1. Just to be sure before I move on: is residue A:517 among the hydrophobic types (A, V, I, L, M, F, W, C), under 28 Å from residue A:760 (Cβ atoms) and within 31 Å of the chain's Cα centre (by Cα) in the structure I sent?
2. Return the only residue of A:737, A:701 being modelled with pLDDT of 80 or more and not β-branched (Val, Ile, Thr).
3. Pairs please, first residue from the stretch A:710-721 and closer than 11 Å to residue A:746 by Cα, second anywhere and aromatic (Phe, Trp, Tyr) and surrounded by 21 or more Cβ atoms within 10 Å (Cβ to Cβ), Cβ atoms under 8 Å, 6+ apart in sequence or on different chains.
4. Identify the residue in the stretch B:42-67 that is assigned to a helix (DSSP H, G or I) and at the interface with chain A (Cβ under 9 Å from one of its Cβ atoms) and, among all such residues, is surrounded by the fewest Cβ atoms within 10 Å (Cβ to Cβ).
5. Of all residues being over 25 Å from residue A:141 (Cα atoms) and in contact with a strand residue (DSSP E or B) (Cβ under 7 Å, 6 or more places away or on another chain) in the stretch A:256-275, which is most open to solvent (accessible area, probe 1.4 Å)? Just the residue, please.
6. If the requirement is being within 14 Å of chain A (Cβ to nearest Cβ), in a loop (DSSP other than H, G, I, E, B) and on the phi < 0 side of the Ramachandran plot, which of these qualifies: B:39, B:21?
7. Quick one: residue A:288 ticks every box in (1) in a loop (DSSP other than H, G, I, E, B); (2) on the phi < 0 side of the Ramachandran plot; (3) surrounded by 17 or more Cβ atoms within 10 Å (Cβ to Cβ) except a single one, so which number is it?
8. I'd like the full set of residues that are in contact (Cβ under 8 Å) with a residue 12 or more places away in the chain and away from chain B (no Cβ under 13 Å), limited to the stretch A:24-33.
Amino acid sequence: MFLIIQWRRLLSKPHLHLIALLGIIVPLRLRADWRQEWEAELQHREQLLAGWDRLDFRNKLDLMRRSTSAFWDALWIQRQRWEDEMFQDLRYGSRMLLKRPGFTLTVIFILSLGVGASTAIFSAVNPILFESLPYPEARQMMMMWDHGPDGARQEVTFGTYREISERSRSFESLTVMRPWQPTLTGQAEPERLEGQRVSASYFDVLRVMPTLGRIFDPSDDRPNGAKVAILSDKLWQRRFGADSGIIGRQISLDDDNYTVVGVMPNTFENVLAPSGDVWTLLQYDSSLPTFESREWGHHLRMIGRLRSGIGRDEVSRDIDAIARTQTSEFPRPAWSALKNGLIVNSLQDEITRDIKPALLAIFFAVLLVLAIACVNVTNLLLARGAQRRGEFAIRNALGAGRLRVVRQLVTESLLLTFLGGALGMLVAEFGVRALIALSPPGLLRASAIRVDAAAFAFAIVVTMLIGIVVALIPALHAYRADLVGSLKLTSRQSVGGQQLIRQALVVAEVALALVLLVSAGLLMISLQRLFAIPAGFNASNLLTLRVQTSRRFDTQATQRFFVQSLNAVRQVPGVTAVELTSQLPLSGDVDQYGVHFENDNQKVGYSSFRYAVSPGYLEMMEIPLRRGRSLDSHDVAAAPLAAVISESLAKHKFGDQDPIGQRVRLGPSDGPWHTIVGVVGDVKQTSLAASDLHAFYTTPDQWRFSDNTMSLVIRAAGNTASLMPAIREAIWSVNKDQPIVQVAMMDDLLAASEAERRFALILFETFGLAALALAGAGIYGVISYSVTERTREIGVRLALGAERRNVLSLIMRQGLKLTLSGIGLGLLLAWAVTRLLTNLLYGVSATDPLIFGGVAFVLIVVALLACYWPARRATRIDPLIALRQE
Amino acid sequence: MGKGSLSYAATVILQAISSGYLYGFDIIDITGLPGGTVYPALRRLEEAGYLSSQWEKPNIAQAEPRPQRKYYELTRPGREILAEAVKRYRLLERTPPRKQRRPKPSRA
């Protein structure tokens, strides 16, 4: 009803109401004057015409127009005021901030850490998770996988690639690739390069053009085609002095001459092989001669660029249809029959698949820290606002409007936020450097991690959001507060509402800190459990050295080289043992073969790691012998073929029966039979968390192929690492053209194998500790403030005979109540949130009660410590002084 | 607003006041300028010290009855700058002679 009356009144003289409305932006001191003059003007017009009710529409409209023209007048006056008073606010604000340097620095410090840390993390996460890949129309790029026997992703065969590229109409271009590590020889010392063998269409799919020369010519992509290479800008600069005459020149890779046809631009980022420096053609046979050829091996990665207008659903349907209908033109072997179709997914999703959970978790963690920082600063500002009640009341009494006081507060908060944000940018810059230094090796798109425009925008948005949060809550408070009342009030308390908000903030802070600490705790336990897992061998003080021999070497030359190297290294003083292995545990080597047992009808063999090792390797690595014998020097080429298998493989096939004497075929199904002579303990090959432990060992002599890359494992008395120069000399004394491609202590390999988890853990630990400190400070602040406020009350209690012990427990109880509420809320939150971490955890449940309980306990201890000082201060209150204060 | 940089509208308004059109809506009527131009200009001129203003007593307006008027008056600098500006805007020199209507608080 009231509204209707209001509405009628509004309709009766809308032009006057408009003036009233516009008057709001005119400074109060001028407003009455201003309004009166404008209203007089409009009434004058109205009088000249007739009464409002008798006016026609056109005249009414004219009056309205006249009233709105007052807007410019009002604005003009307004502008002056804004400028004047804003500068006044800023000046005054800066003065207030300078007067309390401790408070100011604390707030700026907290804010800059919050902004800095979150910006740094954002700049790392952004290129990987949110930005599209650095290629034109990257959304159209898809990656395809075959289904392995267990349903997991498996690389495709060249045959599948041929069939899809002939039959599918969804792709503009399609390419396959595999890693390639050629050795570059020439004037400088031999160097092993990282590179890729690709089909000719590789750079078409990426849509990247070389700065020099050309991309590959499809007519060269056939067996025995021209040997051509494209170099990365980095390699071109480093090894060829950025010589623009490089095109057409021959370089020696794996002792073959390759003609350089192109150099890629330095902006080219190769997400499919981030450290790739050289590309050559795959040169597979498109006619797919037999199923036994390499064209039918599952070892290629396939990516394609969709025609414009084709989406992921359409291409999936297309590929499914092709997989279901086999044609006579494209026969398929059993292992590449595409029975379950292919997995088709965007390239972006595929290459971020492994790291995404960790990065998202870290990103959310840093946002939590930011939230805690905001809460903390808000709390500090509220406390400060409360201390300044008297000041505000005086200003109010001297004629400052309530809004004016609030604006003063907002200006100060914003000033703090922007100082914090600016400093935060610096923090971010350092944070990014630290992140790059800490990041696991081979982190995708590490080169794209920098504080760029996007990160800058993120920081600004975050700063502004903080500004709003941090400024508004205290400002609203000040606005609602009874300013006149506070002039009268000194220590007696009437600000219950304010305390309530501050307490709620502390509860939120404790809850958020708990979530972070629980996450950090879970990760820490995971890593501990992981490193507690025995690797299956003795990794301490073990030097490893990977040597790659020339492709020109025939089998005999290769074996001779390795045997001679082994003997040469044995002669190095200090070396106590040295052996050879074809693959090194936890080093990134993955060399698996199918194993077929005699009298076993299974078509697909047990996938097992293959080790060709020198006799004595098993003993030297301290891999325990479970049954039978180890490999020894009698297992030479001419002797009966022997094999040692891992415990896990033996159990899987034979259960508790004795496998010794059984025969197995290792690798291709047309191979010879080996007799199992022993069973040894399991060794972790891919990672400590790995569950695939099937393995077999033979001597290099008895393995049907020869390995041109082998690793030496060396033990010495004392520090093995210091022997490195002598060992290198020894190997080069055999043949100086053979590159040592990787030297590492086994301990380091072990640590690196869990680098991703460790990376996540370090960040979570840092954030967790920051959260703990902030939460502690928050509790301290609130309790300490409340003690100040209750000085008189406590004084009365003490005067009436309360024991100091009672006062202590009174204050402590108050803090504990807040902490426990926070913990309760936090436990619920953590319970809901930690399951997002599941992928990063090992051997611990996402809701592990021990961690939850432990963290809650730690928080309680911190809270008690934070309450203790203010509480002790409360007990020292002198009742006489407290009572006299009023 | 520096000396001699008086806008045409401001000059017209000063001229109107010096000619005896002394309050807002009177000035609007005689100059034909819209209120959204005249009022801001009056505030600017007053702030610059070329004008001074004064509200008439409410009982006078009530007696008529009409809205209360705020009377403006040229200050000495106002008269000087007007004289200068009129020399620039030659057209204004030929405006009708002064319509002597000084405010008489006792009556008007």
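The values are calculated or read from the model by the stated rules, or taken from the named source; none is laboratory data. Everything numeric here is computed off the predicted structure, so don't read it as measured data. Reconstructed Cβ throughout: ideal geometry from the backbone, glycine too, with neighbour counts over all protein chains shown. Only protein heavy atoms, including side chains, enter the accessible area calculation; ligands, DNA and RNA are left aside. Shrake-Rupley method; radii C 1.70, N 1.55, O 1.52, S 1.80 Å.
1. yes
2. A:701
3. The qualifying pairs are A:713/A:617.
4. Our first condition is that a residue be assigned to a helix (DSSP H, G or I); within the stretch B:42-67, this holds for B:42-47, B:58-63.
From what's left, at the interface with chain A (Cβ under 9 Å from one of its Cβ atoms): B:42-44, B:47, B:61.
Working: B:42: 24, B:43: 19, B:44: 16, B:47: 12, B:61: 16.
Applying the filter and picking the extreme gives B:47.
5. A:257
6. Among B:39, B:21, only B:21 is within 14 Å of chain A (Cβ to nearest Cβ), in a loop (DSSP other than H, G, I, E, B) and on the phi < 0 side of the Ramachandran plot.
7. (2)
8. Step one: filter the stretch A:24-33 for residues in contact (Cβ under 8 Å) with a residue 12 or more places away in the chain, giving A:25-28, A:30.
A:25, A:28 - these are the residues of the stretch A:24-33 that are in contact (Cβ under 8 Å) with a residue 12 or more places away in the chain and away from chain B (no Cβ under 13 Å).
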